[in-house]
1. Residue pairs, Cβ under 6 Å, 6 or more apart or interchain, first in region 38-58 and open to solvent by 70 Å² or more (accessible area, probe 1.4 Å), second at pLDDT below 95 and charged (D, E, K, R). List them.
2. Restricting attention to region 174-196, and to residues there that are more than 19 Å from Gln5 (Cα to Cα) and under 8 Å from the mean Cα position of the chain (by Cα), which single residue is surrounded by the fewest Cβ atoms within 10 Å (Cβ to Cβ)?
3. Would you pick out the residues in region 162-173 that are touching a residue at least 12 places away in the same chain (Cβ under 8 Å) and under 22 Å from Asp89 (Cβ atoms)?
4. From the list Glu13, Glu47, Glu26, Glu54, exactly one residue is in contact with a Leu (Cβ under 9 Å, 6 or more places away or on another chain) and at pLDDT 70 or above. Which is it?
5. If Arg164 satisfies every condition in (1) open to solvent by 50 Å² or more (accessible area, probe 1.4 Å); (2) in contact with a Ser or Thr (Cβ under 7 Å, 6 or more places away or on another chain) but one, which is the exception?
6. Quick one: count up the residues across region 129-181 that are among the polar types (S, T, N, Q) and closer than 29 Å to Asp70 by Cα.
Amino acid sequence: MDLHQQRKQDLKEHIDKDYILQKELEDELRLTQEVQPKAKLKKQISEVKCRIKEYQTEFNYLSNSQQEQDLLVNAMANITFRELDMVTDGILSMPVEFDESYTVVPVVRKMSQNELTGSAQSRLTSGVIQARMVGKFVENMVNVIPDFPEKLKAGFAREYHNLRAAGLTGNALLDALHEFSCNRSLDYDLRAAGLAVLYYLFEKCEVFER
């Protein structure tokens, strides 16, 4: 693991630990009645949230760096059905109920409509390298799981709407969906596979605004 990957791993661990700490503090706050302890807990929660935001900003910066782009493109050429199976398995295991019709929109215009710019456009577009393989993978999985395409679409759609409800748009929304698509893995083969699936659905207008 190089320094770039090591720093991302460290940041991910810091973020995960602070999310746990934030939940513990918020649970304690709900049970606290006295004014002074409540004020102290609120201050601690605010500090943890600020720390998470700083970690996430650096993590996103590293994720959008040129080195990251190059590593993803290199990994994209090597992914197989195995990686696609691993990244889609977690998505399909979640219970979802979502159904909406979409109209195909040219990818470049759709990127503009969804405020995707610069490195986010480049990163998403790298998924075109394996878009055909993802299509074949989906067709193959239909023989095993007849409603596989619908479940895959529904998993992404639910996460997309949750993220939009949380206020994410544009590049930040793409970053979050990419992390979701690869289950926050730092393995570049899995990150590339997750991005390929995300591009496949983006191109078919299954995620993001039409």
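1. Hits for this filter: Arg51/Asp18.
2. Leu177
3. Leu163 - this is the single residue of region 162-173 that is touching a residue at least 12 places away in the same chain (Cβ under 8 Å) and under 22 Å from Asp89 (Cβ atoms).
4. Glu26
5. (2)
6. Adding up the residues that qualify gives 4.
The values are calculated or read from the model by the stated rules, or taken from the named source; none is laboratory data. Model, not experiment: these values are computed from the prediction. When we count neighbours, we look across all protein chains shown, and the Cβ atoms used for this are built from the backbone with ideal geometry, even at glycine. Accessible surface is based on the protein model in full, side chains and every heavy atom, while ligands, DNA and RNA are left aside. Shrake-Rupley method; radii C 1.70, N 1.55, O 1.52, S 1.80 Å.
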